[in-house]
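Take a look at the structure below.
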Amino acid sequence: MMSPKISADILNQLYETILSRKNADPNTSYSAKLLAKGSKKTAEKFGEEAVECLIECATGNQKELITESADVLYHLLVMWVSAGVSPDDVWQELHRREGTSGIAEKAARSSDPLK
C-alpha cells in the first residue's frame, strides 16, 4: 500500500496536469474537452463515475472498484479545476476537521440537511 504522501503527490501532479490542459485543444485533450463544457458537465461526469464506483463496490468486484475509483479521482480533480478549487483548499479543510468527530463536524455546519 502506498504512503499518504505518495498518494497526495500523485493527486497534486494529476491536478496540475489537468490545470495545464484547461486551455488546450479539446480535440487532442480529454481534460480540455471536459473543461470546455463547463462546471455542470464536469459535475455530471463526476456523478456518473461515482455511481459506477458504487456499483463495483456493491458487487464486490475489487479490480473494477480500483479502476472506477481512479476514474472518480480523475473526474473529481477535473471538477475542481472547472470550479476553481485547488487540492490545497481541500487539504486545508481536511486538516481543519482532523481530530473532530464526524457527528460534531456535521452539527457545526448550519446548512446540513441531515441534522
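The values are calculated or read from the model by the stated rules, or taken from the named source; none is laboratory data. Note that the structure is a prediction, hence the values are computed from the model and not measured. So basically every Cβ, Gly included, is an ideal-geometry build from the backbone, and we count neighbours across all protein chains shown.
In the set (1) assigned to a helix (DSSP H, G or I); (2) of a type in the set (A, V, I, L, M); (3) modelled with pLDDT under 95, Leu114 fails one condition alone, (1).
Within segment 6-36, the residues that satisfy the criterion of being surrounded by fewer than 14 Cβ atoms within 10 Å (Cβ to Cβ) and more than 15 Å from the chain's Cα centre (by Cα) are Ile6, Ser20, Asn23, Asp25, Asn27, Thr28, Tyr30. When only residues in segment 84-93 that are without any contact (Cβ under 8 Å) to a residue 24 or more places away in the chain and not β-branched (Val, Ile, Thr) count, which is surrounded by the fewest Cβ atoms within 10 Å (Cβ to Cβ)? Of everything passing the filter in segment 84-93, Gly84 is surrounded by the fewest Cβ atoms within 10 Å (Cβ to Cβ). Kindly list, by first and then second residue, each pair from a residue in segment 26-51 that is touching a residue at least 24 places away in the same chain (Cβ under 8 Å) and among the β-branched types (Val, Ile, Thr) to a residue that is part of a loop (DSSP other than H, G, I, E, B) and surrounded by 15 or more Cβ atoms within 10 Å (Cβ to Cβ), limited to pairs with Cβ atoms under 9 Å and residues at least 6 apart or on different chains. The qualifying pairs do not exist here. Is at least one residue of segment 68-83 loosely packed, with under 14 Cβ neighbours inside 10 Å and among the polar types (S, T, N, Q)? No, that holds for no residue.
Within segment 94-105, identify whether any single residue is modelled with pLDDT under 95, surrounded by 11 or more Cβ atoms within 10 Å (Cβ to Cβ) and not in a loop (DSSP other than H, G, I, E, B), and answer yes or no. For segment 94-105, residues modelled with pLDDT under 95, surrounded by 11 or more Cβ atoms within 10 Å (Cβ to Cβ) and not in a loop (DSSP other than H, G, I, E, B): present. If I filter segment 60-77 for residues that are within 16 Å of Tyr15 (Cα to Cα), over 10 Å from the mean Cα position of the chain (by Cα), part of a loop (DSSP other than H, G, I, E, B) and without any contact (Cβ under 8 Å) to a residue 40 or more places away in the chain, do I get at least one hit? No, that holds for no residue.
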